[in-house]
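Engineer: Sharing a structure here in C-alpha cells format.
Values quoted throughout were computed directly from the atomic coordinates according to the rules given, and no laboratory measurement underlies them. Here the structure is a predicted model, which is why all the values come from computation and not from measurement. Methodologically, a virtual Cβ is constructed for each residue, glycine included, from the backbone with ideal geometry; neighbour enumeration extends over all protein chains shown.
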Amino acid sequence: MTAATATTDLGEAYSGYLDHLAEADEYAATDLAIGLLDAGVPAERVLLDLVAPAQAEVGERWARNEWSVAQEHAATHISEQVVAAVSAHVKPRPTGGRVVVACMDGEWHALPPRLVAEVLRLRGWQVTFLGASVPAAHLVSYLHRYDAHAVALACALPMRLPYAHRMIEACRRSDVPVVVGGRGFGADGRWARRLGVAWAPDAPSAAELIADERALRAAPPARLAHLADDEYASLVRRRGELIDSALAELRERVPSARAYTAAQLDATVSDLGHIVDFLAAAVYVDDASLFTEFVEWLSGILGSRGVPAGAVVLPLEHYAAALRDFPRAARTLALGCAALPGASR
Amino acid sequence: MTASDVRDFDPGDGRLSTPSTTRPSAWSADVRRPTAALPPLAPDRGQATPDWFEVVEHFREGLVVCDADGVVRHVSPVAERLLPEVTPGELLSAAGVPGLSQGVPGGFTHRERRLTARQVPLSGARCCWYVEDVTDSVSRADALLAERARSAFLAVVGDKLGNPLHPDRAAAAVVRLAVPTLAEVAVLVLAPRGGRARWWRATRTDDEAPTVDSGVLGGGELPSAIADGLTGAEPHAVDWLVEQAVDAGWLPGLAGTESAARVVPLPGRDAPVGVLLVARRATRWYDDDDVELVRAFAARAGAALTTALLYRDQAEVADTLQASLLPVEPVEATGVQWGTAYRPAQAGLRIGGDFYGSHRLTDGGSVFFLGDVSGKGVEAAVFTGQLRQCLQALHRLESNPARLLRLLNDALLETTQAHGQGRFATIVLGVARPERDGGLTLTMAGGGHLPPLVLRASGEVETVPLRGMLIGVVPDPRVGEVTVRLAPGETCLLYSDGVTEARGGRRGDELFGPERLVTALTGCQRMPAPALAERVEQVTCDWLAQGDHDDIAVLALRAAGVSGRSVRHLHSVPAGIDQTEETDA
C-alpha cells in the first residue's frame, strides 16, 4: 500500500490520500505524505494542498450524509497524525518568537488551526499549539507564564463569536496581539472586523500578518454599540425557555415528535438550541446574514438526511412570535424564514 | 448721558464712579452697569477730573479711544505698555494689531502675551477698545488642561499596565505606553540578573504606532547614568545623559545636540526594578511638570513590573509542582493504542482530582488505571500524586489487579490515617496483555468507580460488570474483578463521573448520564482510541454548553492488532447510528 506514493503530483496523490482516509488507514496516509516530502514536495504544500483540501472534502461528505460522524472523526484523527508526522519529518529550526495557536473555548475543529500552527513552525516561529476547546482561563494563564509574540485563535462556528470576543479581549488585556481565522468569522472575515480583531483568510496570510507587528496591532476598533439594546443578553437569558416552548409547540403540531426516542429528543433539543445560539450570535454582531447563512446550511444538512425544510420553518416562526418585542432578533428571524428553500414569503 | 460724554477716556463702566482700587478683583469688564447708577457722580465731577488718569492707570484693562474716523485719540498707560505700536493721532488700523479690527472681539496673541479686546461704541460715532492681558489666566487654564491630560494619561497607563503579568510583556507595554506622551524614544533597562541586563525600547517615526525592540546587555556595558539609576539615583546632568545615550546607540533618529533626555528609576520591592530613559527633540524640553509626570509613570511601571516578576517566580514554582501532578500519558505498549482526554474543573489551574496512567510490566503487559479522588483543586491533585506514586512503586511487587488494588488500599489508609486527611478514591485498575491474534485480554479490578465500557467490532457498546468499594476507607474492601477480551479493533473505555454527571441540556441542570454516553459511542468502532477519547470529551463539553463542570478524564485502550498497526476495515460501517440532526461541521 505504500509503494504507490513515489509521486510529486499532488493531484494524483490527493485521491489516494482520500482513499486512505476512507479506509481509516493511518499508516498508508502517513507513508503517502512522507513519500511526497522525500520526493521533494515542500512541506507547506503537502499540508495546504493535500491535507487541507482532503479535510474540507471530509466535512463535505459528512454534510452530504455520505460519512458518519465516526468516520469523519476517524479521518480527522488520521490527518492530525499525518500533520504530526510531516512536522517531525521536516524539523524546522525556530528563529522567531513564540506564537500560541488555539481553538476557542467550545470549538473542536482543531485540524485547520493545527495546519496554521505547522505552517508558522515551518516559517521559523516557535509555535505552541494548545489544541481544541481551550478555556479562556487556561489561555490567559499560559500567556502570563510564557510570553508570546502573538496569539492565533480559530473559530469554525459563528455561534461561538460572543465567546470568541470574550477570549480576544482576555488576550488583549494581557497585551498580546491577536489574529483570528476560521469560517466562524465569515467567509470574508466581516465579523472579525466587527469585533475589532485582525483576521487572516488562510495559513500563509496568517503567517504574513504575524510577521508584521504593526499590522497586527493596527486592528480596527470594535463596532458593537448595538449591544446597548440588551437583545443579546435577553436571548441568552431566555434560551432554555425558548427551547422548551418551541419543543412543546413541535409536539403539538407534529404528532410524530411525541414518539421521539431519547436520542432523537436530544438531537431536536440540540438543534433548537443551535438556532437560538446562531440567532444570538447574529444579534451580537448585528448581521442577519450570519443567521440566514446558518439557516441555508442547516436546511441543506437536514435535507440530505431526509428531513423536510418545514421542520426548520416551525421553530423559526415560533421564535419570531416569542421574540416579537426584540426588533433586531425578529428581523433576523424573518430574513431566516425567507432564506429557506421554497420560501414564498 | 454717561461720563464718557465728558471724558474721552471714560471706560463706560459705572464702577469707575468709585475712585477706589481696594476692590479690583470685583471688577468685571463684562458686567455693564445701567447708566442710572451714575448720577451721584455728577456733583463731584469737577473735583474728580484730575483723578481719572490715576484711576485709569490702575485699571487692569488698557483703553484706546478712537474718533469717528478711526484716529486714535487716547491711549491709557496700560494700553501703551501692551500695544506700543498704537500712537495717538494716527489711524488705529495703521498700528497693525491683529485683534483690533472692527467687530471681531476675542483673544489674540500679541508680543508673546495673550490679550483680549472688546470694542464699545461711544457717542459721536467714537469708540473705545478695552484691551486686557489674560496671559496669566490663560496659562492657568492651560495648566489645568495639561494636568487633566496627565491624569488621563496616567489612568490609561494604570489600566494597561495592570494586566500583562508576563515580565517581558509588561516591559514592552511600559516603553510602548511612554511613546509619544513622554518621549519619542523610551528605553527600559531591567535590573541585571546574573550580570546581564535586558532592555526594551520603543521608538516612533512620524505618527505611526511605536515599534518595540529589545535585547540584552552585559552589566559592564551599561552607560554610567543607567548604572547610577539602577542604584536608585536620578541623574540630573541632562546634557551628558543624552550624549551617553546617543553614544550607546540607543536613540535612533535623535541627535545628541538637539535632544532632551531624562532617566528615572522604576521603584521595585527594595532596589529599583529597572530604569527608564525618555528622550525627545529639544523643542519639547522636560520641564518640572514633565519630570513629575515621568516619575508618576515610572512609579506605576515599577509596580507593574514588580508584580509581573513576582508572578513569574511564583508561577515557576507552581508550574513545577503542577507538572508533577498532571496525568502522565500512558507509556507505549505492544498491541495497545491509547487515547486520553483530561479537562480539570478549574481551567486556569489545569490540575484536578481525576487521574489516569499506565506502567509497563516486565512480561509485556501493561498496568493501566483511571480514578477520581474526593475533593477538587490543588488538594485533590496532591492526593492523586500520592496515589500515582504508590502505584508506581507497588506495580513492581504485584501484577494481579485485585491484589494490587488491596495493596494500594492499605498504603492509602496508612497515609490518610497518618495525616488525618479522611480522603478516599475510586479507581479502575487493570492489566492488559496482548494476544497473538492482535487482541487484548484485560483483567480489571474495581474500586467503587464507574464501570468501563467496551466498544465491540459490531459497533455495540457493552458495560463491563465491575463493582467494588471505595479505596482508602476500610482495611479490607470488597474488590470486584473481571476479565474482558478485546478482539483487534475493539476498545475499552474508562471515564470519570465528570462525564456522566455533567449538567447541561435545555435548562443546564440535566445530567448527561450513562445512556447518552453509550449512544455517543455506539457505531464508533472505527475510531482510533485518541479520537474516541476526544469524542467523549467533546460530547460532554457540548452538553455542558460552557457551564461549570467537575474534572473530566477519559482513558481508552484499543486492541491495535498485530504488528502494532491498526486493523484495516474492509467493510463499511452500517449507517443509521449517526446523529442525523447534529448540527456539527
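Engineer: Relative to the longest principal axis of chain A, what angle (0 to 90°, nearest 10) does the C-alpha long axis of helix A:111-122 take?
Structural biologist: With rounding to tens, the tilt is 30 degrees.
Engineer: Using a Gaussian network model on chain A with a 10 Å cutoff between Cα atoms, which of A:S256, A:S304, A:S245 fluctuates the most?
Structural biologist: So, out of A:S256, A:S304, A:S245, the one fluctuating most is A:S256.
Engineer: Next question. Using only atoms on other chains, find how many Cβ atoms lie within 10 Å of each Cβ of peptide A:24-32 and report the average.
Structural biologist: For peptide A:24-32, the averaged partner shielding equals 3.
Engineer: Let me ask another. On average, how many beta carbons from a partner chain sit within 10 Å of the beta carbon of a residue in A:138-146?
Structural biologist: Per-residue shielding by partner chains comes out at 6.
Engineer: Here's another thing I want to ask about it. Where in the stretch B:356-380 does the label zone of B:R396 land, with the point 7 angstrom along Cα→C-beta and an amide N cut-off under 18 Å?
Structural biologist: B:358-368
Engineer: Local charge sum around B:R150 (other residues, Cβ-Cβ under 11 Å, Lys/Arg +1, Asp/Glu -1)?
Structural biologist: Net of charged neighbours comes to -3.
Engineer: What Kirkwood radius, in Å to one decimal, follows from the Cα pairs of the stretch A:1-109?
Structural biologist: After inverting the mean inverse Cα-Cα distance, the result is 14.7 Å.
Engineer: Over the stretch B:459-523, what is the relative contact order in whole percent, taking alpha-carbon pairs under 8 Å and six or more residues apart?
Structural biologist: 28 percent
Engineer: Also, I was wondering about something else. Provide a whole-number value for the mean count of partner chain Cβ atoms within 10 Å of the Cβ atoms in peptide B:525-537.
Structural biologist: Mean shielding by partner chains, rounded to a whole number: 5.
Engineer: Quick check: the distance between the Cα centres of the stretch B:111-152 and the stretch B:332-375, to the nearest angstrom?
Structural biologist: Each part's Cα centre sits 79 Å from the other's.
Engineer: What net charge is computed for the residues neighbouring A:V83, neighbours being all others with C-beta under 13 Å from the C-beta of A:V83, Lys and Arg scored +1, Asp and Glu -1?
Structural biologist: Neighbourhood net charge equals -2.
Engineer: Run the numbers on the stretch A:41-182 and let me know its relative contact order in percent, using alpha-carbon pairs under 8 Å that are six or more apart.
Structural biologist: In percent, rounded to a whole number, it is 23.
Engineer: Could you give the angle, 0 to 90 degrees to the nearest 10, between helix A:69-90's Cα long axis and the longest principal axis of the Cα atoms of chain A?
Structural biologist: 30 degrees
Engineer: For chain A, what relative contact order do you get, as a whole percent, if you take Cα pairs closer than 8 Å and at least 6 residues apart?
Structural biologist: It rounds to 12 percent for chain A.
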